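Engineer: I'd like to ask some things about the structure below.
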Amino acid sequence: MVQPQRQRTFFLLICLVPTLLLFVVFTVYPLFSGLYLSFFDWTGLSQHRTFVGLANYDHLLHDPIIPKTIWHDYFLVLTKVIGIMVLSLFFAVALTQLRIKEAPVYRILFFFPNLMAVVVIGILWSFIYNPDLGLINAGLRAIGLDSWARPWLGDQQWALPSLVLPSVWAGIGLFMLMLMGGILNVPKEIYQSARIDGASEWQQFWHLTIPLVWPQIRNSVLYIVITTLNGSFIIVQIMTQGGPNNATQVMGSYLYQQAFQQFHFGYGAAIGVMILILSLITVLLLQWLMRGKRFEY
Amino acid sequence: MASRAEAAGAAYPNKVRSHSIGERLVQGGLRIPLVLWAIAVLFPILWTILAGFKSNGDIYADPWGLPTTWNIQNFADAWTTGSIGHAFVNSAIVTVLGTLLTLLLAIPTSYALERVPFRGNRVLYNIYLAAMMIPQALGWIPLFMLLNTLHLLDSIWGLLLVYTATQIPFSIFILTGFMGTIPRELEEAAAVDGLSPLRTLWQVIAPLAMSGIITVAIMDAINYWNEYFMALIFLQSPEHYTLGVGINYLAETAQYTNAWGTLFAGLTIAIVPVIVLYAIFQRRITEGLTEGAVKG
């Protein structure tokens, strides 16, 4: 485009500067400030903060709760990725490839949980898991499995797995739509010629659908991993507060409790740095593992 | 989607017919998970709405049954004594203005990053992209101090600015994807016609990127309407609460007062408007999201 240089510069400044300013003030600055704070001992309430060097990180390495929180986070990452991807891929294929008349109804319904606030979902599912009033125990008792009924969220062993179901329930709709977009974008002729060649539905699924929507699958997996590592603590904080006895404590909930409830801001910041490093490593590793496999057509 | 399968069937009628009984069985079998999931999605939502009409006695006696009397008082209690009314208005303000501000900032930046070559263009784009991976929790501690310094703590305006900043990277990511598909010739023609770059952006590019803009607006709005944790940290007085915090407050109160009906009425007030809006706009939302998935 031919334009006077000054007009172009002015246009660029208008486009870029206000956005960048807000982004730097409310996202970049807090991030670096958080990194900096992790070298201090600070209650967050007083003016006084003491530089302690790497003491917070030293404490982090020797804190017996930290390995638990990491393991719990990755447990949630793995179970959520498997649960959400298997179900949303199945639903996406069923709603696009099979002749189901009422497909739009399912498509609309399955997105409902994505419209709901995490706090609403958390409260709702706490009720579903409620030992006395809850739907799950009532259902188990109704079919004679009384011995299976338990205080799900208060059970040392079952509390963490119990958090997977609401997360999957809340996530399916969005990823189903994204995968449906990928499948609908595949030229029809490819499936037609596969049918002529005698490929079964199952073969079509493995050898056509999966490779062709691989970019959407990869993006979905990455998105689930990032949002779980950075946001799983919200459902934890609402449903169990990390309990019982840290059985559901994840990195983010521990950060929140340390910084905003126990007022160890410096230590909370160090946990934040740990989350940042682990997420970056995980995302880079996943991108490397899921690289290529793109299928040109 | 059905038409595609039918077209394929019409082209090879024998093949399809020979499979039809087996296919019908398979189809029936595959419907079962769809029906089960539909129930799993609908049942808790309907139950929440019904529980909003129940008295406490009903909730304890028959938690998963129908209300014996339809109790509207719960909604009035949630709206006034539970401050859900205040929270509803606050959330609406933050959602509408926040979404508008996000678009106002993200659209020009996306256009510049996608279409105007300048030094540092790729670097800036990658910085925004990388920001999507940052755990927000790390920034909350300094943000708390920053808002305090700016006298924006305990204010929905401060919250609105923070929300906008957090959604800017995602919005840019989606919008640049959509703008990348617009033919460059259109801008060149606009330049030849003597349109300034700003007018080209608002009169030529923005209308063409409308499905992307709507997608981003909806995703941002859902996020702002539903956000809970930052609101919990940054808002302190009940008259500034947004819906998430208001509902959490109702839930905590219910632990002591057993006002479960009021809590579920509050949850209903939070859920129903969004579902109604979604039902109205669902075609656009689905189109935007499926398209966005391909382009993004």
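The values are calculated or read from the model by the stated rules, or taken from the named source; none is laboratory data. This one's a predicted model, so the numbers in the text were calculated from it and none came from an experiment. So basically every Cβ, Gly included, is an ideal-geometry build from the backbone, and we count neighbours across all protein chains shown. The protein model used for the area step is the full one, side chains on, heavy atoms only, and it has no ligands, DNA or RNA in it. Shrake-Rupley method; radii C 1.70, N 1.55, O 1.52, S 1.80 Å.
Engineer: For a protection proxy built on the mean count of beta-carbon atoms within 10 angstrom, sort B:54-67, B:126-139, B:27-40 highest first, please. Before the final figure, lay out the partial values.
Structural biologist: Numbers: B:54-67: 15.6, B:126-139: 20.4, B:27-40: 13.5.
Ranking, from highest mean packing down: B:126-139, B:54-67, B:27-40.
Engineer: To the nearest 500 deg cm²/dmol, what mean residue ellipticity at 222 nm is calculated for chain B from DSSP H runs of n ≥ 4 alone, each contributing -39,500 (n - 2.57), summed and divided by the residues? Present the calculation step by step, with values, prior to reporting the outcome.
Structural biologist: Values: 14 runs with 230 residues, N = 296.
Mean residue ellipticity at 222 nm (helix-derived): -26000 deg cm²/dmol.
Engineer: Could you work out the local net charge near B:Gly82, counting Lys and Arg as +1, Asp and Glu as -1, over the other residues with Cβ closer than 14 Å to its Cβ?
Structural biologist: On the way: positive: none; negative: B:Asp77, B:Glu239, B:Glu252.
Net charge in that neighbourhood comes out at -3.
Engineer: Taking each residue of A:87-99 in turn, how many C-beta atoms of other protein chains fall within 10 Å of its C-beta, and what is the average?
Structural biologist: Working: counts 2, 0, 0, 4, 4, 1, 1, 5, 2, 5, 4, 9, 10.
The per-residue average across the peptide is 4.
Engineer: How much length would be gained if the chain were fully extended between B:Leu208 and B:Ala189, taking 0.36 nm per residue of separation minus their Cα-Cα distance, in nm to one decimal? Show your work: numbers first, answer last.
Structural biologist: Values: separation 19, 0.36 × 19 = 6.84 nm, distance 1.46 nm.
Net length gain for the segment: 5.4 nm.
Engineer: Still on this structure, please answer the following. Binning at 5 angstrom from zero up to the longest distance, how are the C-alpha pair distances of chain A distributed in percent?
Structural biologist: P(r) over chain A, rounded to whole percents: 1, 5, 9, 11, 12, 12, 12, 11, 10, 7, 5, 3, 1, 1, 0, 0, 0.
Engineer: Can you give me the convex hull volume of the Cα atoms of the stretch A:174-297, divided per residue and expressed in Å³? Each step should come with its number before you reach the end.
Structural biologist: Values: hull volume 16.0 nm³, N = 124.
In the stretch A:174-297, the Cα hull volume divided by residue count equals 129 Å³.
Engineer: Please compute the average number of Cβ atoms from other chains found within 10 Å of each residue's Cβ in peptide B:90-101. Please list the in-between numbers first.
Structural biologist: Details: counts 0, 1, 0, 0, 0, 0, 0, 0, 0, 0, 0, 2.
Mean partner shielding for this stretch: 0.
Engineer: Sticking with this structure for a sec: With a point put 7 Å past each Cα toward its Cβ, work out how far A:Arg49 is from A:Ile65 in nm, to one decimal.
Structural biologist: Distance between the two pseudo-spin positions: 2.1 nm.
Engineer: What does the structure give for B:279-285 when I average, per residue, the other chain Cβ atoms found within 10 Å of the residue Cβ? Mind dumping the intermediate values first?
Structural biologist: Numbers: counts 3, 0, 0, 4, 2, 0, 4.
Mean shielding count: 2.
Engineer: Something else about it: Largest first, please: the extent of the C-alpha atoms of the stretch A:90-198 along each principal axis, to the nearest Å.
Structural biologist: 55, 32, 26
Engineer: Taking N as the number of residues in chain B, what value does Rg over Cα atoms divided by 2.2 N^0.38 Å take?
Structural biologist: Working: Rg = 24.6 Å, N = 296, 2.2 N^0.38 = 19.1 Å.
For chain B, the normalised Cα radius of gyration is 1.29.
Engineer: Output the relative contact order of chain A, whole-number percent, from Cα pairs under 8 angstrom with separation of 6+ residues. If you can, show how the numbers build up before the last one.
Structural biologist: Values: 310 pairs, mean separation 82.7, N = 297.
Once normalised by length, the contact order is 28 percent.
Engineer: Total Lys pairs in the protein assembly as shown closer than 19 Å by alpha-carbon, pairs eight or more apart in sequence or interchain only? Could you put the intermediate results ahead of the total?
Structural biologist: Numbers: A:Lys68/A:Lys80; A:Lys188/B:Lys15; A:Lys188/B:Lys295; A:Lys293/B:Lys295.
For the protein assembly as shown, the number of qualifying lysine pairs is 4.
Engineer: Within chain B, which complete DSSP H helices have Cα atoms spanning at least 15 Å along the helix axis and a mean Kyte-Doolittle hydropathy of 0.0 or higher?
Structural biologist: B:13-51, B:84-115, B:121-131, B:136-149, B:156-179, B:210-226, B:243-257, B:260-295
Engineer: Among the complete DSSP H segments of chain A, which ones combine at least 18 Å of alpha-carbon extent along their axis with a mean Kyte-Doolittle hydropathy of -1.0 or more? Intermediate values should be presented prior to the final figure.
Structural biologist: Values: long enough: A:5-23 (27 Å, 1.23); A:65-97 (47 Å, 1.43); A:159-184 (39 Å, 1.88); A:214-239 (34 Å, 1.01); A:265-289 (36 Å, 2.12).
Helices meeting the criterion: A:5-23, A:65-97, A:159-184, A:214-239, A:265-289.
Engineer: Distance between the C-alpha centers of the stretch A:18-76 and the stretch A:208-286? Whole Å please.
Structural biologist: So the two Cα centres are separated by 14 Å.
Engineer: For the stretch A:139-231, report the convex hull volume of the alpha-carbon atoms normalised per residue, in Å³, without decimals.
Structural biologist: Numbers: hull volume 14.7 nm³, N = 93.
In the stretch A:139-231, the Cα hull volume divided by residue count equals 158 Å³.
Engineer: I'd like the Kirkwood hydrodynamic radius of the protein assembly as shown, using the inverse of the mean 1/r over distinct C-alpha pairs, in Å. Display every interim value, and only then the final one.
Structural biologist: Values: mean 1/r = 0.0385 Å⁻¹.
With all distinct Cα pairs of the protein assembly as shown included, I get 26.0 Å.
Engineer: Between B:Ala87, B:Ala206, B:Ala190, which gets the highest mean-square fluctuation from a Gaussian network model of chain B, Cα cutoff 10 Å?
Structural biologist: With Cα springs under 10 Å in chain B, the top fluctuation among B:Ala87, B:Ala206, B:Ala190 is at B:Ala190.
Engineer: Using label points projected 7 Å from each Cα along Cα→Cβ, tell me how many nm separate A:Glu189 and A:His207, to one decimal.
Structural biologist: 1.9 nm
Engineer: In nanometres, what is the gap between the two model label sites at B:Ala61 and A:Leu12, each 7 Å from Cα along Cα-to-Cβ?
Structural biologist: The answer from the label model is 7.4 nm.
Engineer: Also, I was wondering about something else. Using only protein heavy atoms and a 1.4 angstrom probe, determine the accessible area buried between A and B, summed over both sides, in Å² to the nearest 100.
Structural biologist: Values: alone 18070 and 17720 Å², together 26620 Å².
For chain A against chain B, roughly 9200 Å² becomes buried.
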